[in-house]
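Note sheet for the following structure.
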Amino acid sequence: SRVLSPSQTQPSVRGQTTAGILSKTSTTVQQRRVAHTPTLKSTSMRRPVIPTEFGAKVPTNIRQRYLNTFIDECVKFCASEEAALDEEKMVYERSSSKNIYLNVAVNTLKKLRSKKPAALVSNRRAQSHEEVLGGRLAATTSFTVNRTGKQSQEKLSGATLYHKLKTYLMTEEQLQLHGYPRKDPEASGRVIIYNLPEKKATSFTKVCCRCGTEYKVTSNGNCVRKEECTFHWGRLRRHKVSGGWETSYSCCSGAVGSLGCQVSKQHVQDGRKESLDGFVSTFSKPLPADGDAGVFALDCEMCYTKQGLELTRVTVINSELTVIYDTFVKPASKVVDYNTRFSGVTEEDLESVSITLRDVQAVLLNLFSAESILLGHSLESDLLALKLIHSSVVDTAIVFPHRLGLPYKRALRNLMADHLKRIIQDSVGGHDSSEDASACMELMIWKIKEDAKVKR
């Protein structure tokens with residue numbers, strides 16, 4: 001018999017490896033080639049850099065991070081980074097703070113990711129739902145995707161919403177604490193407002209509610225001296241900087257104590273908490289069989305007159321988010337500032353208006369009963385402008401409290417951005433009272449559903 005040497009009986013490791021590689025690489029079967037899509041993620045390609053700006057409303061490093069992410073997404077469906085630059089610029093211009101910027105940026109990123117390259121869309125064969133779930137055999141298989149035991153979502157409107165909202169009604173102590181108008185037992189049509197701050201103004205000396213300057217007025221409310229009012233229209237915001245925290249105004253990023261960025265012709269006052277007469281109160285009415293006395297969201301817009309803030313527009317929506325009452329209102333005193341930046345109401349809007357506050361009160365007393373639930377954000381402000389006394393109130397500023405407690409309150413636009421991922425009050429023309437009222441209704445419907453999940 002033939003005797004083999006060890007080298008013949010057992011191939012070397014190197015030989016095995018080489019043979020294995022050759023057997024895998026030298027094949028007659030054509031491998032499918034996958035094209036590589038070039039992206040701007042390569043470090044060899046330079047990216048636009050956002051210049052550092054001192055006191056910017058959004059930190060530069062956050063803007064740069066989102067710009068890079070936008071570029072990564074935009075390059076999938078276009079050859080230039082210009083689209084990403086435009087998107088980031090639009091997000092920055094729409095945002096008044098870091099939190100708003102982050103919310104808008106996330107929504108923009110979702111929009112960009114939903115866009116698909118044209119080549120992929122045109123070449124991809126449409127797949128049925130069954131094919132995705134079950135594979136190739138799904139076409140001949142019968143099955144259902146409905147999960148047994150899944151609770152059907154209850155529609156929140158009408159009587160269902162009314163009874164669930166009762167949990168969130170404010171107590172009498174809360175109404176007094178938050179400055180809601182309460183009926184004066186000793187005088188008809190007069191109210192008491194609890195927890196009022198110390199009164200600095202007198203009959204002829206007022207304090208401007210925008211710049212804090214004391215000024216003199218005559219008996220009919222006219223300013224004794226003509227002097228301009230310089231003020232910041234934005235809120236004070238705290239943001240983190242190197243070495244600590246910094247407080248600045250959201251309108252111009254000016255520091256506390258800096259000269260105002262807006263100039264008005266004269267000083268103005270609020271005046272609503274000084275005029276405590278002429279109030280009307282909702283009254284009880286027979287309830288329907290289901291016990292639903294109605295759920296309504298309410299929002300008002302106001303302007304500055306010689307006597308202070310007065311009603312210029314009121315909007316009421318029902319639980320179906322349908323506007324059931326919306327009207328402009330003629331102020332009783334001469335208008336000195338239409339407050340268009342916030343109210344959205346212009347001089348042209350009120351030119352031919354003849355409806356007065358008394359007309360509005362008559363409509364609302366017919367529409368509401370004492371048992372109706374009114375929703376709003378800081379609703380005491382609206383009830384003071386309407387000169388309306390009502391106790392069945394749900395206030396979104398109370399349901400969603402500020403983490404620092406009173407006197408701080410969260411802005412409605414921030415609540416919508418955080419919880420419903422929607423941007424409101426984004427128009428340069430001012431607020432829209434129907435949008436704000438709908439936002440309050442939607443927030444409370446969301447809150448009821450979220451609380452129900454916790455209870456299960």
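The values are calculated or read from the model by the stated rules, or taken from the named source; none is laboratory data. This structure is a prediction, so every number in the text was calculated from the model and none was measured. Glycine also receives a Cβ, built like all others from the backbone with ideal geometry; neighbour counts cover every protein chain displayed.
Across region 279-295, which residue is surrounded by the most Cβ atoms within 10 Å (Cβ to Cβ) among those that are touching a helix residue (DSSP H, G or I) at 6+ places or on another chain (Cβ under 6 Å) and assigned to a loop (DSSP other than H, G, I, E, B)? Steps first, please.
First, the residues of region 279-295 that are touching a helix residue (DSSP H, G or I) at 6+ places or on another chain (Cβ under 6 Å): 280, 290, 292, 295.
Restricting the remaining residues to those that are assigned to a loop (DSSP other than H, G, I, E, B) gives 290, 292.
On the way: ASP290: 11, ASP292: 19.
Checked region 279-295; the qualifying residue surrounded by the most Cβ atoms within 10 Å (Cβ to Cβ) is ASP292.
Exactly one residue out of SER258, SER219 is modelled with pLDDT under 85 and surrounded by fewer than 16 Cβ atoms within 10 Å (Cβ to Cβ): that is SER219.
May I ask you to list the residues in region 395-431 that are modelled with pLDDT of 90 or more and touching a Gly at 6+ places or on another chain (Cβ under 8 Å)? Hits for region 395-431 are ASP395, THR396. Annotation: ASP292 fulfils all but one of (1) farther than 30 Å from TRP446 by Cα; (2) more than 25 Å from the chain's Cα centre (by Cα); the unmet one is (1). Do we have VAL207 as under 22 Å from PHE342 (Cβ atoms), surrounded by 13 or more Cβ atoms within 10 Å (Cβ to Cβ) and among the hydrophobic types (A, V, I, L, M, F, W, C) here? Yes.
Here is a check on your reading of the model: is LEU321 in a strand (DSSP E or B), over 13 Å from VAL353 (Cβ atoms) and assigned by TED's automatic domain parsing to the domain that holds GLU348? So LEU321 fails the test.
Scanning region 412-427 for residues that are touching a residue at least 60 places away in the same chain (Cβ under 8 Å) and surrounded by 11 or more Cβ atoms within 10 Å (Cβ to Cβ) yields ARG413, ASN414, ALA417, ASP418, LYS421, ILE423, ASP426.
Within this structure, SER343 passes the test of being closer than 30 Å to VAL263 by Cα and either assigned by TED's automatic domain parsing to the domain that holds TYR168 or surrounded by fewer than 19 Cβ atoms within 10 Å (Cβ to Cβ) (or both).
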